[in-house]
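Here's the structure we're looking at; comments come further down.
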């Protein structure tokens, strides 16, 4: 049994190195982007980076715990985890426990700590999908009835709850991650093509007024530059000001009250302003290398559950990264979603580190990671 199988290699060090490099990059950018806001609100320019460093320590500690135990151990919590996530999402919306900020009720507070249930759901939903798709493999004929009969209603409930907050960005990440994981089965591809209009057209009816405004801004941001297009146009100004090499680390002008959410959702624009085009390319290269390495190693996992788990977690992070970068650069309409490992935010950062801990856990059982370790030892000799 997998539970008795010992790891065949240490963790994959390229993934670990790339994760630490992105963490360091993020801390530097939070220090720079949050300095002015931190001083204005708390008289401490280091407030946000110190908070971020606290969450880094907590996330890394939890990631170590996740790495130490076999990933098969966490499978037993798949059902409980997704149930707790649903209950927390319900509590945020329909009880007085939810904390609203900037028009969205996305947080809930326990023991003085604010958590974002939708971030937890990104992890638990992937874990549950991996469990069900492994237990009920879809290979041919009518095999799809049981797994889809379980997964689709659950996914629909979760997406509805997250969208109700409202949090369209996270709902997009969850929907796309679910679709990508289902694509790993033998479900006909045309099902997915049919699902887009089947679910997308009715969704148009439920789009909130401010979301229609964001679509209008996306089509012509400078027409609304002084109003609803203020954020995205100032992001474009930041990129334009940075040019090829940037204005210099810590020398941004946009952080002086011009670009909203410059240390959270819009932090990539700060990278463009301070470090220029080459800085943005370097950051994107780190992300591409991290996800490519994870996909490359995880495909050699000896069991289906591990492959599905690693693939789902990596896909979720890659999708979130792609959406954030697309939003900040104007490719997609503005939606509130963080850049993994870079943006300021406790819940997002901790869950991201736990997800990467699980990915590293899976790599301990992969032959590609083992061969990489042998190559490193030979090179050192």
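The values are calculated or read from the model by the stated rules, or taken from the named source; none is laboratory data. Computed from a predicted model, the values in this text were never measured in an experiment. FYI the Cβ positions are ideal-geometry reconstructions off the backbone, even for glycines, and counts take in every protein chain you see.
Out of the residues in the range 129-175 that are free of Cβ contacts under 8 Å to residues at least 60 places away in the same chain and over 20 Å from residue 192 (Cα atoms), which is surrounded by the fewest Cβ atoms within 10 Å (Cβ to Cβ)?
Per the stated criteria, the residue is 135.
Does residue 9 satisfy being assigned to a helix (DSSP H, G or I), over 18 Å from residue 346 (Cα atoms), out of contact with any strand residue (DSSP E or B) (no Cβ under 8 Å at 6 or more places or on another chain) and modelled with pLDDT under 95?
On the way: assigned to a helix (DSSP H, G or I): no; over 18 Å from residue 346 (Cα atoms): yes; out of contact with any strand residue (DSSP E or B) (no Cβ under 8 Å at 6 or more places or on another chain): yes; modelled with pLDDT under 95: yes.
No.
Among the listed residues 18, 37, identify the single one that is part of a helix (DSSP H, G or I), crowded, with 18+ Cβ neighbours inside 10 Å, modelled with pLDDT under 95 and under 25 Å from the mean Cα position of the chain (by Cα). Working first, answer last.
Values: 18 fails: modelled with pLDDT under 95.
Exactly one residue qualifies, and that residue is 37.
Per-residue answers, yes or no, for (1) closer than 17 Å to residue 354 by Cα; (2) within 17 Å of the chain's Cα centre (by Cα); (3) part of a loop (DSSP other than H, G, I, E, B); (4) at pLDDT below 95:
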position	(1), (2), (3), (4)
278	no, no, no, no
283	no, yes, no, no
286	no, yes, no, no
290	yes, yes, no, no
294	yes, yes, no, no
305	no, no, no, yes
315	yes, yes, no, no
318	yes, yes, no, no
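Return a yes/no flag: does the range 64-82 have any residue that is surrounded by 17 or more Cβ atoms within 10 Å (Cβ to Cβ), closer than 24 Å to residue 264 by Cβ and touching a helix residue (DSSP H, G or I) at 6+ places or on another chain (Cβ under 6 Å). Step through it out loud before you land on a result.
Step one: of the range 64-82, the residues surrounded by 17 or more Cβ atoms within 10 Å (Cβ to Cβ) are 66-67, 70-72, 74-75, 78, 81-82.
Checking which are closer than 24 Å to residue 264 by Cβ leaves us with none.
Checked the range 64-82: no residue is surrounded by 17 or more Cβ atoms within 10 Å (Cβ to Cβ), closer than 24 Å to residue 264 by Cβ and touching a helix residue (DSSP H, G or I) at 6+ places or on another chain (Cβ under 6 Å).
Conditions: (1) surrounded by fewer than 20 Cβ atoms within 10 Å (Cβ to Cβ); (2) in contact with a strand residue (DSSP E or B) (Cβ under 7 Å, 6 or more places away or on another chain); (3) modelled with pLDDT of 80 or more. Residue 117 meets all but one. Number of the miss?
Going through the list (1) surrounded by fewer than 20 Cβ atoms within 10 Å (Cβ to Cβ); (2) in contact with a strand residue (DSSP E or B) (Cβ under 7 Å, 6 or more places away or on another chain); (3) modelled with pLDDT of 80 or more, residue 117 breaks only (1).
When you scan the range 127-144, do you find a residue that is within 26 Å of residue 344 (Cβ to Cβ), modelled with pLDDT under 90 and more than 16 Å from the chain's Cα centre (by Cα), even just one?
No: the range 127-144 contains no residue that is within 26 Å of residue 344 (Cβ to Cβ), modelled with pLDDT under 90 and more than 16 Å from the chain's Cα centre (by Cα).
Conditions: (1) over 15 Å from the mean Cα position of the chain (by Cα); (2) under 22 Å from residue 351 (Cβ atoms); (3) part of a loop (DSSP other than H, G, I, E, B). Residue 264 meets all but one. Number of the miss?
(1)
Residue check: is residue 236 modelled with pLDDT under 95 and part of a loop (DSSP other than H, G, I, E, B)? Reasoning before the result, please.
Numbers: modelled with pLDDT under 95: yes; part of a loop (DSSP other than H, G, I, E, B): no.
When the stated conditions are applied, residue 236 does not pass them.
Out of curiosity, is residue 348 buried (at least 24 other Cβ atoms within 10 Å of the Cβ) and under 30 Å from residue 47 (Cβ atoms)? Talk me through it step by step, then tell me what you get.
On the way: buried (at least 24 other Cβ atoms within 10 Å of the Cβ): yes; under 30 Å from residue 47 (Cβ atoms): yes.
Taking the combined requirement at face value, the residue satisfies it.
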